[in-house]
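Colleague: Next up is a structure, given as structure tokens.
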């Protein structure tokens, strides 16, 4: 009678990790679809502290043109998921007094088109240059986004200002940045890791729901749960979006006790992730059946009177012969009790 233990673990290495990228624009232009007041020295907006872009003197209720910042140079991975966009603008209004200055429009630019969602802040601009943040890590600005759209040169931000109150004032912008929040899928989504203990080997099985740049898997074994050794290498699928099943075998014969397994996944660039550790316990047995590379070996505390080895088709083979790879059935007559073992030779 065979002894079988079956343990299954469901897990994921990681579905993905959150990342952010913050960049400044390379292209600054104006757009006259709103307002009447132009912006000067617009290229200064590309760098912090490199001088300001300013409007001309603005009287009460006058609105500026859009200043449009694009060509941020993002290179978000094409498989990533965009989760939010933040815009930071370092701005001020001069001189002190003479009424106020407020946002008129703060709009995202997608595909070169100024969007309709307005994220303006109704507060007055200060007289000292300071950053104001528009949007959040979860704000999509009323749009759906692909990495390619964010990476495009025509992605950016457009803003216009309005003078409030009496007197005249100029608006100043020193710097603009955009921070893109996104989720990057890690190499492998592992959904199952199983171990099945047979009489003469352990069958290990795992399944992946998806793979990105997956190179190979390493099956590792330990007898103390601390020190692991590699016992098999299985090539990964590389790129996959369907469920794939993998199998490996541990032919190390042991009389009984606890054995531990874990799975290491290696990405094409050498990045590694480990699964949870699983363990199997085999009851102590006085019979040990294994193949030493040239013939079947039987170790038993009791007298074995008959030994028969069969292929799966029922053909009997010589116990002392060198066996081909495959699954064999070994029957032992041990003190009047017939025992059957499966022996897998790889």
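Colleague: Quick one: how many residues across segment 259-289 are part of a loop (DSSP other than H, G, I, E, B) and either modelled with pLDDT under 80 or closer than 10 Å to residue 215 by Cα (or both)? Outline the logic, then answer.
Modeller: Pass one, segment 259-289, residues part of a loop (DSSP other than H, G, I, E, B): 268-271, 275-277, 283-286.
Add one more test, that the residue is either modelled with pLDDT under 80 or closer than 10 Å to residue 215 by Cα (or both), and what stays is 268-271, 283-286.
Looking only at that region, the number is 8.
Colleague: Which of the residues belonging to segment 290-302 are assigned to a loop (DSSP other than H, G, I, E, B) and modelled with pLDDT of 70 or more?
Modeller: Filtering segment 290-302 down to residues assigned to a loop (DSSP other than H, G, I, E, B) leaves 292-295, 301-302.
Of everything in segment 290-302, those that are assigned to a loop (DSSP other than H, G, I, E, B) and modelled with pLDDT of 70 or more turn out to be 292, 293, 294, 295.
Colleague: Out of 91, 120, report the one residue that is in a loop (DSSP other than H, G, I, E, B) and under 21 Å from residue 36 (Cβ atoms). Full working, then the answer.
Modeller: Working: 91 fails: in a loop (DSSP other than H, G, I, E, B).
Only one candidate qualifies: 120.
Colleague: Taking the condition of being touching a residue at least 40 places away in the same chain (Cβ under 8 Å) and in a loop (DSSP other than H, G, I, E, B), how many residues in segment 124-157 meet it? So that I can check it myself, show each step before the final result.
Modeller: The first filter runs over segment 124-157 and keeps only residues touching a residue at least 40 places away in the same chain (Cβ under 8 Å), leaving 124-125, 129-141, 145-148, 150-157.
Adding the requirement that they be in a loop (DSSP other than H, G, I, E, B) leaves 125, 129, 135-141, 145-146, 152-155.
Qualifying residue count for the region: 15.
Colleague: Filter segment 316-330 down to the residues that are loosely packed, with under 14 Cβ neighbours inside 10 Å and not in a strand (DSSP E or B), then identify the one that is nearest to the chain's Cα centre (by Cα).
Modeller: Out of the qualifying residues, it is 325.
Colleague: All but one of (1) buried (at least 17 other Cβ atoms within 10 Å of the Cβ); (2) at pLDDT 95 or above hold for residue 73, so report the exception by its number.
Modeller: Against the list (1) buried (at least 17 other Cβ atoms within 10 Å of the Cβ); (2) at pLDDT 95 or above, residue 73 comes up short only on (1).
Colleague: Looking only at residues in segment 303-315 that are at pLDDT 85 or above and surrounded by 14 or more Cβ atoms within 10 Å (Cβ to Cβ), which one is farthest from residue 328 (Cα to Cα)?
Modeller: Top of the filtered list is 308.
Colleague: Among the residues of segment 215-245, which ones are over 26 Å from the mean Cα position of the chain (by Cα) and either at positive phi or outside any strand (DSSP E or B) (or both)?
Modeller: Scanning segment 215-245 gives 223, 224, 225, 226, 227.
The values are calculated or read from the model by the stated rules, or taken from the named source; none is laboratory data. Remember, predicted model here, so these are calculated numbers, not experimental data. Cβ atoms come from the backbone with ideal geometry, glycine included; neighbour counts cover every protein chain shown.
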